[in-house]
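Values quoted throughout were computed directly from the atomic coordinates according to the rules given, and no laboratory measurement underlies them. This one's a predicted model, so the numbers in the text were calculated from it and none came from an experiment. Glycine gets a Cβ as well: all are built from the backbone with ideal geometry, and neighbour counts include every protein chain shown.
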Amino acid sequence: MRFIALAIAATVVAAGAFAPSAFSQGTPPMMKAFAPNADIPALIAKAKADRKGDAPLVIVPMASVAPYNVNLEYRPGTSPAAVHEKDAEVMYVLEGSGNIVTGGKLVDEKRTNAANLNGASIADGKSQAVTKGDLLIVPENTPHQVIPGGGAPIVLMTLHVPRPAPANWP
């Protein structure tokens with residue numbers, strides 16, 4: 001877990017060198033830059049407790065240093081497929097197993113907001129079996145869907161990495 005946390009931190013720092021800072025915009029960011037491994041069971045318990053009905057996804061914040069948010073995603077069911085048009089998504093499997101389908105095309109595509117689309121599923125995507133300890137990077141504009149396996153939830157740590165702002169050349 002420490003290796004993954006360091007790898008993600010390095011990604012955030014590298015991307016941050018190119019992204020506009022919240023400090024430069026005059027807004028101090030909300031910061032919680034450390035999430036100890038010992039807190040994971042409590043975060044999973046919180047996600048289970050926060051689940052409404054048969055909701056396929058519950059998100060619990062883990063850490064945040066603007067503009068980056070690391071979340072715990074508790075996924076007891078199959079959520080709609082998604083496309084994030086302005087950021088990549090790093091997924092690390094904390095518990096469980098399943099499949100993450102990437103690529104292809106969204107089925108019944110709908111816009112959810114200015115930067116995201118979702119759909120019922122993915123046609124012609126590639127399915128990647130994942131289990132505890134696996135890491136996957138989903139590039140921006142790539143359809144993806146998480147499908148829990150074996151009748152048990154899959155728990156992910158996710159980080160959305162915004163596209164770096166274009167450089168202003170003189």
Value of D in µm² per second that Stokes-Einstein yields for the stretch 58-170, Kirkwood Rh from Cα pairs, at 25 °C (0.890 mPa s)
169
Listed by chain and number, the aspartates and glutamates with an alpha carbon less than 14 angstrom from that of Lys48, same-chain partners under 8 positions apart left out, are Glu73, Glu95
Which of the lysines could be linked to Lys32 by a straight reach, that is with a Cα gap under 19 Å, when you skip same-chain ones fewer than 8 residues away?
Lys46
Hull surface divided by four, with the convex hull built on the Cα atoms of the stretch 117-170: how many nm²?
5.9
Please list, in order along the stretch 66-80, the HN-Hα scalar couplings obtained from phi with the Karplus expression 6.51 cos²θ - 1.76 cosθ + 1.60 (θ = phi - 60°), rounded to whole Hz, x for Gly and Pro.
3, x, 9, 10, 9, 10, 9, 10, 8, 10, x, x, 7, 8, x
Sequence-distant residues sharing a close amide H with Ile122 (under 5 Å, placed H):
Val107
Would you work out which of Ser97, Ala114, Pro139 lies farthest towards the positive end of the dipole of the stretch 93-170? Charges go on Cβ: Lys and Arg +1, Asp and Glu -1.
Ala114
All Cα pairs of the stretch 47-117, percent lying beyond 16 Å:
61
Length released on extending from Ala55 to Lys86, taking residue separation times 0.36 nm less the Cα-Cα span:
8.6 nm
What does the charge add up to near Thr142, with Lys and Arg as +1, Asp and Glu as -1, over the other residues with Cβ less than 15 Å from its Cβ?
-2
